[in-house]
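What follows is one structure encoded as structure tokens, with my remarks underneath.
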């Protein structure tokens with residue numbers, strides 16, 4: 001039967017296969033039929049209870065599961081069009097020379113020393 005365990009054991013390993021009708025079937029990596037060597041499959045009966053693995057065949061509807069698509073958040077590099085111009089701090093009046101150099105310096109103030 002099927003029950004949760006705290007530790008991962010060889011009984012927890014299942015092989016996931018996509019069947020001809022695009023359903024997913026799970027077979028045990030540990031248990032097989034003694035005579036034929038056929039794998040045991042995970043299956044649910046009409047009431048949603050787990051069936052014995054040696055009674056489930058891969059062609060039975062009880063062993064077919066619909067895969068649930070997962071949403072994967074893909075990382076996307078920001079575009080130059082997505083990055084807005086920097087807003088100057090309050091109290092600083094930008095002039096032509098300081099605003100252009102601030103943009104070229106990544107929005108950081110540029111210290112100009114006269115020597």
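The values are calculated or read from the model by the stated rules, or taken from the named source; none is laboratory data. No experiment lies behind these values; they were computed from the predicted model shown. Cβ sites come from the backbone with ideal geometry, for glycine too, and all protein chains shown count toward neighbours.
Of note:
- Residues that are surrounded by 15 or more Cβ atoms within 10 Å (Cβ to Cβ) and in contact with a strand residue (DSSP E or B) (Cβ under 6 Å, 6 or more places away or on another chain), drawn from segment 63-75: 63, 65
- Some residue of segment 47-70 being in contact (Cβ under 8 Å) with a residue 24 or more places away in the chain, on the phi < 0 side of the Ramachandran plot, in a strand (DSSP E or B) and more than 28 Å from the chain's Cα centre (by Cα): no
- The residues in segment 1-21 that are more than 14 Å from residue 66 (Cβ to Cβ) and part of a loop (DSSP other than H, G, I, E, B) can be counted, and the count is 11.
- In segment 22-34 there is at least one residue matching the filter, namely being modelled with pLDDT of 75 or more, assigned to a loop (DSSP other than H, G, I, E, B) and out of contact with any helix residue (DSSP H, G or I) (no Cβ under 7 Å at 6 or more places or on another chain).
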